[in-house]
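The values are calculated or read from the model by the stated rules, or taken from the named source; none is laboratory data. Bear in mind the structure is a predicted one, so any value in this text is a computation, not a measurement. Cβ placement follows ideal geometry from the backbone for every residue including glycine, while neighbour counts extend to all protein chains displayed. Note: accessible area is taken over every heavy atom of the protein model, side chains too, but ligands, DNA and RNA are not part of it. Shrake-Rupley method; radii C 1.70, N 1.55, O 1.52, S 1.80 Å.
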Amino acid sequence: MGSYRLCLCYTRKFKVKEAEPPEDVRQAFKKYADGGATMSAEQFRRFLVESQGEAVASVADAQRVVDQVIHKRHHIAKFSRHALTLDDFHHFLFSADLNPPIGSEVHQDMTAPLSHYFIYTGHNSYLTGNQLSSDCSDVPIIKALQRGVRVVELDIWPNSAKDDVHVLHGRTLTTPVELIKCLKSIRENAFATSPYPVIITLEDHLTPDLQSKVAQMITQTFGEMLYYPEAELKELLSPEDLKHRIIISTKPPKEYLEAKGTKESSHSEKKDAEDDIWGNDPLDVSLARQDNKTEGETNEHSHEDEESDDCETESCQPGGPTYKRLIAIHAGKPKGGLKEALKVEADKVRRLSLSEQALEKAAESHSTDVVRFTQKNILRVYPKGTRFNSSNYKPLVGWMHGAQMVAFNMQGYGRFLWLMHGMFRANGGCGYVKKPDFLMSLGPKNEVFDPKAKLDVKKTLTVTVYMGDGWHLDFKQTHFDLYSPPDFYTRWHSRSAG
């Protein structure tokens, strides 16, 4: 019902007339309603199974959709009617809410190792705002998990009395939140949106006593949900194997490291003059001058060192074996330069973290080494330390090189974050998106994909649309393949798109 004011005197109301159901919709309704005037829940379920491809749809599911349509369209008769008319059926087919064009089903193979997937990853997941002075809370963690984020980062520090563990952004003015509160919120919300594993990456600044306390907190909070292997992993398990499991990833305590790592030196970066079709994030423009002035001195004390094996004297003391045993995916940088850090070991898998600048440098000189590393191991990319306002960076560089965890400030905003959210709406929004085959395959000479190589652009696009009458169309170098499956049409929104 619409309305408009006429001559400022009175309001005239009118009813918006809906489009008439087209002939193919009429035929479908007639077929599944067995020629009747209404379609029952059981008849509608048969339509969902046979025509929409929803094989697991039950009568209860069909009745729920029927009730939603009636409640939306017939407020008075919603308690007495329990079947669809032709107009109701037509309304359902073209409703973006009730029959969305992109389904929420997981459709990709989920049985490959974790390294074969891009994973929805948060950075400093506990911060409510900027990186310097905002509050730390479990609320951003809950929101991220409900959105589908699968990797949560927690920076853990001793409290002032050195008898408990807080989560905060170290050496800043951020107010802390108790670790146990964050762990409980993760337990309660981890699988609200997706059943696939949640990985908690810990940046550990604790003494051995507090590491043991953290191990006790984790085991008591997560119980059977927690996955930890009996021995160090030689190959990562699959998301399907790890459904409804929590995984811990951090550096092992110093007692178990074979060699002491060296702190990666940071240099002031040059702003990249080139720009892609996404352009620069508006947030970066305002920080450009400040970034260039402060980055050199800030990097020495910033989050850039989050995966360095060096640590403070207290934190370098031997940690308890219980704490080490809970670490399923070991992190850290081995001794040596970037070439050594990207070395693939036959009997071990690990996680390597690089800042966005370090990744760009690696992409220039070791692009194929990065791709080869990510075929078996986990690569995490995190924002540079001068993104004080929680802005983000171009995720495409990381994805192009196979980086599974492109960590983003989920509490931020801007086009790069929108791109990240859009990426992980794929595959049913489960937080895991399968990498393209070219990032995982090997050539005849054991070569891997080279992101820097200039390759021919593929000029053939194949689009599949299911329709009542099959037809085939060729146009220039674009190839459309439209054909009919047995009996009817799988997704009606393809019909409107075609």
R0 = 25 Å: FRET efficiency of ASP135 with ARG425, Cβ-based, nearest 0.05? 0.30
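Please work out how much length the chain gains when fully extended from GLU340 to ASP437, using 0.36 nm per residue of separation minus the C-alpha to C-alpha distance, in nm with one decimal. It would help to have the intermediate numbers written out before the result.
On the way: separation 97, 0.36 × 97 = 34.92 nm, distance 2.58 nm.
Result for the pair: 32.3 nm of gain on full extension.
Which percent of the accessible heavy-atom area of the stretch 16-101 goes to carbon and sulfur, probe 1.4 angstrom? Don't skip to the end; give the middle numbers.
Details: 2730 of 4740 Å².
Here it works out to 58 percent.
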Size of charge dipole - the stretch 16-101 - debye, nearest 20, with Cβ of Lys, Arg +1 and Asp, Glu -1, no other charges: 240 debye
How are the Cα pair distances of the stretch 79-138 distributed, in percent, across 10 Å bins from 0? 15, 20, 18, 24, 19, 5
For the pair ALA60 and SER104, the simple spin-label estimate (label points 7 Å beyond Cα toward Cβ) gives in nm 1.6 nm
Viscosity 0.890 mPa s, temperature 25 °C, Stokes-Einstein D of the stretch 327-399 from Kirkwood C-alpha radius, µm²/s: 188 µm²/s
Applying a 10 Å radius around every beta-carbon, put 431-444, 221-234 in order of their mean neighbour count, most first. 431-444, 221-234
What is the Cα centroid distance between the stretch 108-151 and the stretch 183-253, reported in whole angstrom? 14 Å
Taking all pairs of distinct Cα atoms, average 1/r, flip it, and tell me the Kirkwood hydrodynamic radius of the stretch 16-101 in Å to one decimal place. 13.0 Å
Along the Cα-to-C-beta direction of LEU396, a point sits 7 Å from the Cα; which residues of the stretch 416-434 have their amide N less than 20 Å from that point? 416-426, 433-434
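For the ranges 104-110, 392-398, what's the packing order if you count other beta-carbon atoms within 10 Å of each residue, average per peptide, and put the highest first?
Values: 104-110: 14.3, 392-398: 22.0.
Descending packing order for the listed peptides: 392-398, 104-110.
If you look for lysine pairs in the stretch 339-391 that are eight or more places apart or on different chains, how many of them have Cα atoms under 19 Å apart? List each step's numbers first, then the result.
Working: LYS339/LYS348; LYS339/LYS361; LYS339/LYS376; LYS343/LYS361; LYS343/LYS376; LYS348/LYS376; LYS361/LYS384.
Here the count comes out as 7.
Please find the FRET efficiency linking ASN446 to THR111, where r is the Cβ-Cβ separation and R0 is fixed at 30 Å, and quote it to the nearest 0.05.
The pair ASN446/THR111 has a calculated efficiency of 0.75.
I'd like to compare 130-137, 405-412: which one has the highest average count of other Cβ atoms within 10 Å, and what's the full order after that?
Numbers: 130-137: 18.9, 405-412: 25.6.
Peptide ranking by packing, descending: 405-412, 130-137.
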Lysine pairs, Cα distance under 16 Å, 8 or more residues apart or cross-chain: how many in the stretch 81-237? 5
Rg/Rh of the stretch 128-266 (Cα atoms, Kirkwood Rh), to two decimals, equals 0.96
